[in-house]
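J.: Starting off with a structure, shown below.
The values are calculated or read from the model by the stated rules, or taken from the named source; none is laboratory data. The structure presented is a predicted model; accordingly, all values stated were derived computationally and were not measured. Don't worry about glycine lacking a Cβ; one is built from the backbone with ideal geometry, like all the others, and counts go over all protein chains shown.
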Amino acid sequence: MGIKKIIAKIYVVLLVFEFKLRKGLLGFDNANLMLQRVDKRAIIPILKAGGAQIADECIFKTPLWVDNAKGSYKNLKIGKHVSIGAGTYFDLMDEIIIGDYTGIGPQVSFLTHWHVGDVPMKKLFPYKTEKIEIGANCFIGINSTILYGTRLEEFTLIASQTLIQGNYETGSLVAGNPAQITNKLSEKVIKKLIN
C-alpha cells in the first residue's frame with residue numbers, strides 16, 4: 001500500500017472520529033452537518049457509523065444533505081454498486097431503500113413525509129409519512145423529486161426534473177411533472193441487460 005493510500009485511510013478514520021465526537025458532545029444534528037462538506041471518501045464510513053446499511057462498491061459525491069434522521073441514519077438502506085450524485089437530499093423521516101446497481105443523478109430529493117406544520121391548513125393536509133423503495137438497476141435523473149410512498153420496480157428510468165409518486169412497474173421510462181410513463185422496456189431488452 002502506497003503512502004498516499006495510507007494517508008487517505010488515516011484521514012477518513014479521523015473524519016469518522018470527528019463525526020462521533022461531534023455527535024457525543026454537540027448532538028447528532030451538529031455531526032450530521034459534516035456530510036455537506038467532507039471528502040467523498042468519508043461519506044460512506046460516516047453514514048455507516050451513524051447506522052446506515054450500505055453494501056459494497058457504492059459511490060457518494062458531496063455535498064450530501066440528510067434531514068429528519070432522528071439521531072441515526074438507520075432508515076437509509078442502500079444495495080451494492082449504487083452511485084449517488086452530488087447534492088442528493090435524503091429525508092429520513094421514514095425508510096429509503098435503494099436496490100443494487102442503481103444510479104442517482106445530482107440534486108435528486110427523496111421526501112418520505114408530508115407536513116405543512118402547525119397551521120390551520122393541517123386539517124386539510126394531515127401529516128403523512130411513508131417509505132420510498134427504489135428497485136435494482138434503476139436510474140433517476142438530475143433534479144428529480146421522489147415523494148413518500150413511491151416504489152420503483154427494477155430497470156425503471158426516471159428522466160431529469162421528474163416529480164415521482166406512486167408505483168412504477170419493471171422497465172418503465174418515466175418523465176414529466178407530474179410523472180407519466182412515456183415508454184417501457186421490453187422483456188427481451190431487460191433479459192439482455194440482465195445477461
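J.: Scan segment 164-178 residue by residue and report those that are buried (at least 16 other Cβ atoms within 10 Å of the Cβ) and over 19 Å from residue 99 (Cβ atoms).
T.: 175
J.: Considering only segment 49-63, I want to know if a residue exists there that is over 23 Å from residue 151 (Cβ atoms), surrounded by fewer than 20 Cβ atoms within 10 Å (Cβ to Cβ) and in contact (Cβ under 8 Å) with a residue 40 or more places away in the chain.
T.: yes
J.: Which residues, counting only those in segment 1-10, are over 11 Å from residue 45 (Cβ atoms) and not aliphatic (A, V, I, L, M)?
T.: 2, 4, 5
J.: Determine which single condition residue 38 fails, assuming it passes every other condition in (1) closer than 26 Å to residue 114 by Cα; (2) surrounded by 16 or more Cβ atoms within 10 Å (Cβ to Cβ).
T.: Going through the list (1) closer than 26 Å to residue 114 by Cα; (2) surrounded by 16 or more Cβ atoms within 10 Å (Cβ to Cβ), residue 38 breaks only (1).
J.: Something else about it: Looking only at segment 14-39, how many residues end up being among the hydrophobic types (A, V, I, L, M, F, W, C) and more than 23 Å from the chain's Cα centre (by Cα)?
T.: Going through segment 14-39 one residue at a time, the tally reaches 5.
J.: Further question: Please work out if residue 71 is farther than 30 Å from residue 155 by Cβ, in contact (Cβ under 8 Å) with a residue 24 or more places away in the chain and not in a strand (DSSP E or B).
T.: Spelling it out, residue 71 is indeed farther than 30 Å from residue 155 by Cβ, in contact (Cβ under 8 Å) with a residue 24 or more places away in the chain and not in a strand (DSSP E or B).
J.: Which is β-branched (Val, Ile, Thr), within 22 Å of residue 92 (Cα to Cα) and in the same structural domain as residue 87 (by TED's automatic domain parsing), of 59, 46?
T.: 59
J.: How many residues does segment 64-91 hold that are more than 16 Å from residue 30 (Cα to Cα), surrounded by 19 or more Cβ atoms within 10 Å (Cβ to Cβ) and of a type in the set (A, V, I, L, M)?
T.: 4
J.: With respect to the numbered conditions (1) at pLDDT 95 or above; (2) farther than 30 Å from residue 159 by Cα; (3) assigned by TED's automatic domain parsing to the domain that holds residue 137, which one is the sole condition not fulfilled by residue 25?
T.: Condition (3) is where residue 25 drops out.
J.: Oh, and also: Within segment 98-106, can one find any residue that is touching a Phe, Trp or Tyr at 6+ places or on another chain (Cβ under 9 Å), crowded, with 17+ Cβ neighbours inside 10 Å and more than 20 Å from residue 143 (Cβ to Cβ)?
T.: No: zero hits.
J.: What about residue 48, is it assigned to a helix (DSSP H, G or I), of a type outside the set (A, V, I, L, M, F, W, C) and within 14 Å of residue 73 (Cβ to Cβ)?
T.: Taking the combined requirement at face value, the residue satisfies it.
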